[in-house]
Amino acid sequence: MNDDQAALAGFQGKVRLFPLPNLVLFPHVVQGLHIFEPRYRQLLTDALATDNLIAVVLLQPGWEEEYDAMPEIQPVACLGRIGWHEKLPDGRYNLRLRGLSRIGLTEELPTDKLYRLASAELIPDVAPADIKRLKVLRRNLADAVLPRFAGDGAAHQQLLDLFSGDEPLGHVCDVLAYALPLPADMKQALLAEPHVDLRAEIMIQALRVSAARADRVFPPAFSNN
């Protein structure tokens, strides 16, 4: 059992919340973070002293007016494990957080801490038994992604390795959803979808629409007639 598996096995259903306005964390990826607010310094101190777990959750629209209080958050977040950290002389932190699992936030909990706490349930991936369908979705997803990186040899090769590797389709979707420049609300929709096939379909459709828009030329060329 590796560290990620051990962290999930020991999860007790209560999470420290790290709400952010424009970042959606996904399982299987690593996000660098800089922690400077007093409430999140306390969060990091408590996490490092116990299970190394925090939950990154996206703030709902309109958060600006209540940022210093308790603005509304999305109901699905990503549980992350602190893999590396450094505490700076002034009390700030740098860290690397590895996404472990989708979680559904069921209830915010009363606390005397500066940061927010919630009860949560792990949300595992749900994959169809139809292997042929998964292969078709993987191929369609590759067809939607790879042309965007045709001019970037290193990135194109990394993507080829990702699509040709042994990682399950859900893992591939999560890595792409994190890395691609998709709007935050689209990323949140992908995080909130536990069904691997539907997640792949959402991403394929979004990429096809984006490509179609990019191909349009405005204003159109004059007709020869």
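Could you calculate the FRET efficiency of LEU114 with GLN205 from 1/(1 + (r/R0)^6), where r is the beta carbon distance between them and R0 is 41 Å, rounded to 0.05?
0.50
In plain terms, if you count all Cα to Cα distances in region 43-112 and split them into 5 Å steps from zero, the share in each step is 3, 14, 19, 22, 22, 16, 4, 0 percent.
Helix screen, the chain: DSSP H segments with Cα axial length of 18 Å or more and mean Kyte-Doolittle hydropathy at least -1.0 are 131-145, 196-215.
Full extension of the chain between HIS195 and ALA49 yields a length gain of 49.1 nm, computed as 0.36 nm times the residue separation minus the alpha carbon distance. Go from 0 up to the bin containing the longest alpha carbon distance in region 106-163, width 5 Å each, and give me the % of pairs per bin. Answer for region 106-163: a P(r) of 4, 14, 13, 11, 10, 9, 8, 11, 12, 7, 1 percent. Averaged per residue, region 41-173 has 55 square angstrom of accessible surface, using a 1.4 angstrom probe with ligands and nucleic acids left out. Its alpha carbons considered, region 1-98 gives a radius of gyration followed by a Dmax of 13.5, 44 Å.
Let me spell out the model: positive unit charges on the Cβ of Lys and Arg, negative unit charges on the Cβ of Asp and Glu, origin at the Cα centre of the chain. What dipole size does that give, in debye rounded to 20?
500
Label region 70-109 by shape, choosing from rounded, prolate and oblate, from the square roots a ≥ b ≥ c of the eigenvalues of the Cα gyration tensor; if a/c is under 1.5 it is rounded, and otherwise prolate applies when a/b is larger than b/c, oblate when it is not. Oblate shape, in that a/c is at least 1.5 and b/c is the bigger or equal ratio. Once a ≥ b ≥ c are taken as the square roots of the eigenvalues of the Cα gyration tensor of region 67-170, is the result rounded (a/c under 1.5), prolate (a/b larger than b/c) or oblate (a/b not larger than b/c)? Taking the square roots of the gyration eigenvalues as a ≥ b ≥ c, region 67-170 is oblate.
If you put +1 on each Lys and Arg Cβ and -1 on each Asp and Glu Cβ, how big is the dipole of region 155-211 around its Cα centre, in Debye rounded to 20?
I would put it at about 220 debye.
Here each label is just a point 7 Å from Cα along the line to Cβ, and for GLU37 and ARG92 those points are 1.5 nm apart.
Partners of LYS135 within straight-line reach, counting lysines whose Cα lies under 26 Å from its Cα and excluding those fewer than 8 residues away in the same chain: LYS187. Three principal axis extents of the chain based on alpha-carbon atoms, in descending order, are 73, 44, 34 Å. DSSP assigns beta bridges within region 90-225; of those with both partners inside it, close to 90 percent run antiparallel. The length gained by stretching the chain between ASP143 and VAL126 to full extension, at 0.36 nm per residue less their Cα-Cα distance, is 3.8 nm.
The values are calculated or read from the model by the stated rules, or taken from the named source; none is laboratory data. The structure displayed is predicted, hence computed values, not measured ones. Heads up, the Cβs are rebuilt from the backbone with ideal geometry, glycines too, and the neighbour counts pull from every protein chain shown. These accessible areas exclude ligands, DNA and RNA; they are computed on the full protein's heavy atoms, side chains included. Shrake-Rupley method; radii C 1.70, N 1.55, O 1.52, S 1.80 Å.
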